[in-house]
Amino acid sequence: MRILKKIGVLLLTVHILFTGTTILLAEGEGWQFPGTNVGTPYVQYPLAGVMNIIHSVMTDTFNPWTHFRSDTWAVAVSINYFDVETVIVMPDEGTDYDQTGKGDGFTGGSVSLRYNYALSDDWMIFGIYTGVFMKGKVIYNSPTQLSGGGYSPPDDRYVFDGPSQAHVGILGLGYDFFNGPEWSFPIFVGGSILKYRSDLTISPLPGETGNPYMEMEADGISYGIYVSLAISRTLFSFLKITPYITIHQLLNTPEGTVTVTGDNPSGPNADFYIGNSATGEIGEEGYLGAGLNITYLGAGPLSYSISVSGIINSHTNFYNDAFHESLEMKSYSFSITYDTNFSE
């Protein structure tokens, strides 16, 4: 009867996850300068790429707790380093080309702290803090409309330069559907707070006449719901393999503001006057991720994990093509866990 009850809860959870959870994608609304017909929707794309990086790192360092027992606890520390080659690729509607943001010395890292406590053999509570930091340049290119009609191939047009950071807190509950010595099948559900900040300068490259010098600031808080589902298998008493998925549903879309700071000497536009600003959405409201951890279980309470999914994706990019607008980055994550479940 206990197994049947768990199977029922599992089927209900899967139904809610994949039919009741909607991954909402933002359309980048806003970015219209007041009093003009001029909009700058392209400015959102590098910051949308930054949000993708943040969520890719959050997935790589998630490190789900599995195989827990009642009244045990675990503390995990995860570190990550990444080097970004392509921040974002967006189709340019109406042309045969893409708009692309390429990284130039664009690197960063993160640290993640996690605390877990098992209320029973089935239920647990967890709290996670993740800090992500990055800096470098993004060279943005896009096609140019020709006077005679049509579009030219994309050229490098703008440079985005400056630091970005995010601080994410998640607090929630976990439930293990099949918790045994070999298999573990937990789900984690929690509320999240995302504090983000980016300070970027936007400079036109020589020959670019479309837009002036600008500064972009994104500084705000988004609230959300975080869900993860994992399957874990221990092998040979010292190895654990854990694939998992993550869903981060934001309840309010992050926003940014761009302000004109200087004229473009190559071709100033009268509609762009210094001090004029526009505000709009950046990124998306929903993020879907997938991870794979391999853990070495030591003789005592310490265990060591690497994010295999991050390493594989660094060389194949199939995952980020599907989930993060063709983000290309080399990402390496390592975790150490102290687990009292294995201290006896």
For region 102-252: rounded, prolate or oblate by the Cα gyration tensor [a/c cutoff 1.5]
prolate
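Take the Cα pairs of region 126-165, get the Kirkwood Rh, then feed it into Stokes-Einstein at 37 °C and 0.692 mPa s and tell me D in µm²/s.
In µm²/s, the coefficient is 247.
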Rg (one decimal) and Dmax (whole number) from the Cα set of region 57-139, in Å, equal 19.2, 60
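Test of understanding: what is the full-extension gain from residue 239 to residue 332, defined as 0.36 nm times their sequence separation minus their Cα-Cα distance? The partial results should precede the final answer.
Values: separation 93, 0.36 × 93 = 33.48 nm, distance 1.96 nm.
Computed gain between residue 239 and residue 332 is 31.5 nm.
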For a label point 7 Å from the Cα of residue 125 along Cα→C-beta, name the residues of region 163-186 whose backbone N is under 19 Å from it.
169-176
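Read the figures in this text as sums done on the coordinates, not as results from a lab. Computed from a prediction, not measured in an experiment: that's the story for all the values here. Every residue, glycine as well, gets a Cβ built from its backbone with ideal geometry; the counts of neighbours run over all protein chains shown.
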